[in-house]
Every structure is written in structure tokens, then in C-alpha cells.
Amino acid sequence: AGQQPQAPAPPAPPREDAAGFLRTEKCRFFVVHVRNRKDLSQAFSTNQWPTNLSTRMKLNEAFSTVDNILLVFVDVSSQGLCGFARMEGVISKPKTMVVRRPGGNSGSSIPLKWLSRSTLPASQASQLLNKWNDNKPLVQARDSQEVDTETGGAALGALLSSAGGEDLGGRKRP
């Protein structure tokens, strides 16, 4: 007697495990510069990050090539890390004409899902070296510069396990 072929098992439900993104090779990492805490706090509450035209074009191109675009947020004044997010969709063109200074916000925003709102001090963040930027510290990358997968994963891991980091709202984590 022949055996009936078994139906394939249904796919596992998506996990809310932030490190789960690292288990796939289909992700790319980019640096986002944070110039002040007010902008970061607003991004935490709105899940949006304002961006310029060149960043929009670069991230939208990357978004079309892989499943996960992961963004590491670097505080340019302290040279520390201050968050990690997943790009949740294409960055749309602004609906209205925006007058802007060179390098300024184009009226577009990156839709985000925050994976970590913790901080990592410069003393620790400076040890993360970007292979795709002459092995310079990750915190010295240009805004929207791509980061190698190993370093991006290490940055996320460090933020997720940061014992002395801060959570949303600047409160110390227990």
C-alpha cells in the first residue's frame, strides 16, 4: 500500500524577536544620524524618521532588493548609538513642495518599527568597526552609509543587551 504524501507544515507565525532579523541573510544595514534628542523622541512616538532626497532614493533602492532594511541610529554629538529600527515600507515622495536647505529634510519620512530604543555609549560603540568603511568605527559613518552585515548585527546585539542603556523617554532600564 502506498503512503499518502503529507501536506507541508504551515509556516511558523512571525516572531517579534528583534534578533530574528539576523537569522536571515536577506537584510541590509544603514546608519542614520541623529542631531538632537527632540527629533529622536518624536521618531519614537510617531514611528517615522524625516529624511532627505538622496537617503530616500538609497533606502528605497535597498528596500526593493532585500526583505529587511535595518537602521542603526547614531547620536552625532555623543558618538554613541541611540536606537535601532526596521524600515517598514517604501519612503513616499512628499505630497507638497517643500523648500529645504541642502541636506535638509525633503518632506519624506521613513516608516519605522523600533527594535531597540536603548543607548550604547561612545566607549562601546566606537569598538564596532565597519568593514565597508575602511574599518573605521561605525559611529564615524556618513548619514545613510551602508554597514556590513556582521557589524550591523553586532550593533543590534549590543543595543539589545546593553545593561546600562536607556529606554524610551530617557529612563534607565532596570
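Side notes on the structure shown:
- Computed label-point distance, nm, for sites S123 and K93 using a 7 Å Cα→Cβ extension: 5.0 nm
- Taking 7 Å steps out from each Cα toward its Cβ at Q140 and D39 produces label points 2.2 nm apart.
- Residues whose amide H lies under 5 Å from that of K136, counting only those 5 or more places away or on a different chain, are N130; hydrogens are built 1.01 Å from N in the peptide plane.
- Under a 5 Å amide H cut-off, with hydrogens placed 1.01 Å from N, S108 pairs with T51 among residues at least 5 apart or on other chains.
- Peptides 137-144, 70-77 ordered by average Cβ neighbours within 10 Å, highest first: 70-77, 137-144
- Other-chain or far-sequence residues with amide H under 5 Å of Q145's (modelled H): V31
FYI, it's all coordinate maths here, none of it is from the lab. Predicted, not measured: the structure shown is a model, and the values here were computed from it. Don't worry about glycine lacking a Cβ; one is built from the backbone with ideal geometry, like all the others, and counts go over all protein chains shown.
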